[in-house]
Amino acid sequence: MNNITYDGARLQDPGEEIVIVIDPGHGGTNLGTTGNDHLEKEMTLTTATAMYEELSKYDNVTVYMTRIDDTELSLLERAQFAADKEADFLFSIHYNASVYHNLFGSEVWIASDAPFHAFGYQFGSVQLQTMSEMGLFLRGVKTKIGKTGENYYGIIRESTRLGIPSCIIEHCHVDQERDSIFCENDEDLIAFGKADATSVAKYLGLKSTELSVDYSEYAATSLANISMDTTSTYAYNLKKAPQYCEIELTSVDYDTGEVTIHVSGKDLNNTIIYFDYSLDAGLNWSEYNPWPESNTIYNTYAEGFDITITIPSGVKPNVIFRAYNQFDARTKSNTLILNRFNYEEKYRTLEELAESHGINKYKTYSYETGWRLFPEAFDKLEHSSLGIFTCIAINTLLMLIVLFTLAGSIIRSKRKRLRK
Ligand SMILES: [Zn+2]
């Protein structure tokens with residue numbers, strides 16, 4: 001490693017020659033994620049190549065790639081490649097997928113040890129800001145420690161052992177619809193590569209004559225304020241959950257099924273990023289939703305928010321919410337118990353209503369309980385019985401006319417006979 005100063009906010013002073021290694025994750029028989037018909041080893045190569053081309057446009061920077069084709073490399077080989085090139089930083093390019101296909105968002109994994117943690121944290125914060133501007137949800141700049149106490153992820157562990165700052169960029173989740181729209185084709189993957197290069201340029205304060213940009217001011221003023229001797233306090237493996245998640249009823253409309261609930265959550269150490277909820281006391285859960293105002297760069301999130309849920313008719317809800325922090329550790333709320341919702345009964349047709357109560361629809365106007373339970377349905381019943389009355393009245397009138405006509409003709413024929 002040449003010319004690295006550990007006391008500043010950046011690896012080197014602007015203008016000094018810098019060496020970057022880009023590592024397209026996976027390759028060969030190591031496919032990476034294959035979720036949702038994607039092939040990660042090819043995606044990472046496309047993105048890394050675009051990143052390489054964009055970063056090469058900057059002044060005073062030499063860029064290498066650990067692989068430029070479908071080669072299989074061990075994690076040690078990749079780190080050793082960076083050491084041989086005397087790299088100032090190794091960026092490992094990845095795409096993500098989760099076991100239950102429920103996670104979404106961008107994340108950056110970094111080393112836990114000083115000074116690599118601080119380098120990683122500063123770059124990761126710039127990278128997540130770039131991802132946020134592209135419209136992605138943020139899952140944080142994080143560390144994960146293995147059982148031996150070293151960094152869990154091999155590329156970070158091996159790079160750290162060789163004294164090279166490194167990180168893993170997990171752009172998005174290929175198997176979740178909120179994220180998969182960002183990585184549908186090569187154009188998307190190239191856009192990520194260019195964005196990654198811009199993040200690196202901002203972090204290192206690079207200038208580009210070709211692109212007419214100068215990020216030296218950005219690097220001098222806008223990087224996260226973190227001491228170079230910081231080691232990570234919270235790692236993935238600690239699984240420390242949010243302190244609490246609480247819910248209370250704001251309003252309920254038994255006619256429409258709409259229930260508004262106030263949800264609040266607190267995590268003293270980390271950012272709350274997702275929530276989900278159950279209507280059946282925890283048997284079934286909704287998909288994950290972004291916790292409002294969640295931002296892992298600034299460790300901010302809404303203290304509380306109102307959400308309106310439509311409860312299906314026929315359901316007696318036992319509502320529970322869960323708050324998740326950036327390490328996917330969760331805390332369950334209290335349970336909110338409501339009465340059964342029956343609003344669909346009102347919208348049934350006359351026939352369905354009559355059938356469901358085993359009654360003949362022509363006798364329903366004497367069915368008094370219907371009035372109290374299903375006023376709208378009863379309106380229909382009443383309307384229909386008016387029709388029956390009209391029908392009876394017309395029939396009666398017709399019969400009277402027929403009777404009078406018959407009576408008239410009988411009287412006339414009797415008079416004729418009398419004249420004879
Ligand atoms: Zn990967």
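The values are calculated or read from the model by the stated rules, or taken from the named source; none is laboratory data. Please read all numbers here as calculations on a predicted model, not as lab measurements. So basically every Cβ, Gly included, is an ideal-geometry build from the backbone, and we count neighbours across all protein chains shown.
Just one residue in the set Glu72, Glu54, Glu16, Glu42 is modelled with pLDDT of 95 or more, among the acidic types (Asp, Glu) and assigned to a loop (DSSP other than H, G, I, E, B); that residue is Glu72. If you check Lys239, Lys202 for being more than 30 Å from Thr148 (Cβ to Cβ), touching a residue at least 12 places away in the same chain (Cβ under 8 Å) and of a type in the set (Lys, Arg), only one passes: Lys202.
Taken together, Asn237, Asn270 contain a single residue that is in contact with a strand residue (DSSP E or B) (Cβ under 8 Å, 6 or more places away or on another chain) and buried (at least 21 other Cβ atoms within 10 Å of the Cβ), which is Asn270.
Number of residues in the range 24-38 that are assigned to a loop (DSSP other than H, G, I, E, B), within 11 Å of the ligand (Cβ to nearest atom) and small (Gly, Ala, Ser) equals 2. Within the range 130-168, take every residue that is under 27 Å from the mean Cα position of the chain (by Cα) and on the phi > 0 side of the Ramachandran plot and give me the one that is surrounded by the fewest Cβ atoms within 10 Å (Cβ to Cβ). Per the criteria, the residue is Gly135. Could you check the range 100-154 and list, in sequence order, the residues that are of a type in the set (Lys, Arg) and either modelled with pLDDT of 95 or more or closer than 15 Å to Cys167 by Cα (or both)? Once the filter is applied, which keeps residues that are of a type in the set (Lys, Arg) and either modelled with pLDDT of 95 or more or closer than 15 Å to Cys167 by Cα (or both), the range 100-154 yields Arg139, Lys142, Lys144.
Regarding Ala97, is this residue among the aliphatic types (A, V, I, L, M), away from the ligand (no atom under 13 Å from the Cβ) and in contact (Cβ under 8 Å) with a residue 60 or more places away in the chain?
no
Looking across the range 244-261, the residues that are loosely packed, with under 14 Cβ neighbours inside 10 Å and in contact with a strand residue (DSSP E or B) (Cβ under 7 Å, 6 or more places away or on another chain) come down to Glu248, Leu249, Thr250, Ser251, Thr260.
Mind checking whether some residue in the range 184-191 is at pLDDT 95 or above and assigned to a strand (DSSP E or B)? So far as the range 184-191 goes, no, none of its residues is at pLDDT 95 or above and assigned to a strand (DSSP E or B). The set of residues in the range 305-319 being surrounded by 14 or more Cβ atoms within 10 Å (Cβ to Cβ) and free of Cβ contacts under 8 Å to residues at least 60 places away in the same chain consists of Phe305, Ile307, Ile309, Ile311, Ser313, Val315, Pro317, Asn318.
Checking Ser208, Ser166, Ser222 one by one, the residue that is among the hydroxyl-bearing types (Ser, Thr, Tyr) and in contact with a strand residue (DSSP E or B) (Cβ under 6 Å, 6 or more places away or on another chain) is Ser166 and no other. Of all the criteria given as (1) away from the ligand (no atom under 14 Å from the Cβ); (2) crowded, with 18+ Cβ neighbours inside 10 Å, the one not satisfied by Lys41 is (1).
Taking every residue in the range 52-77 that is surrounded by fewer than 19 Cβ atoms within 10 Å (Cβ to Cβ) and pairing it with any residue that is aromatic (Phe, Trp, Tyr) and not in a loop (DSSP other than H, G, I, E, B), at least 6 positions away or on another chain, the pairs with Cβ-Cβ distances below 7 Å are Met65/Tyr52. Would you check which residues across the range 148-177 are within 14 Å of the ligand (Cβ to nearest atom), hydrophobic (A, V, I, L, M, F, W, C) and not in a helix (DSSP H, G or I) and list them? Cys167, Ile168, Ile169, Cys172, Val174 - these are the residues of the range 148-177 that are within 14 Å of the ligand (Cβ to nearest atom), hydrophobic (A, V, I, L, M, F, W, C) and not in a helix (DSSP H, G or I).
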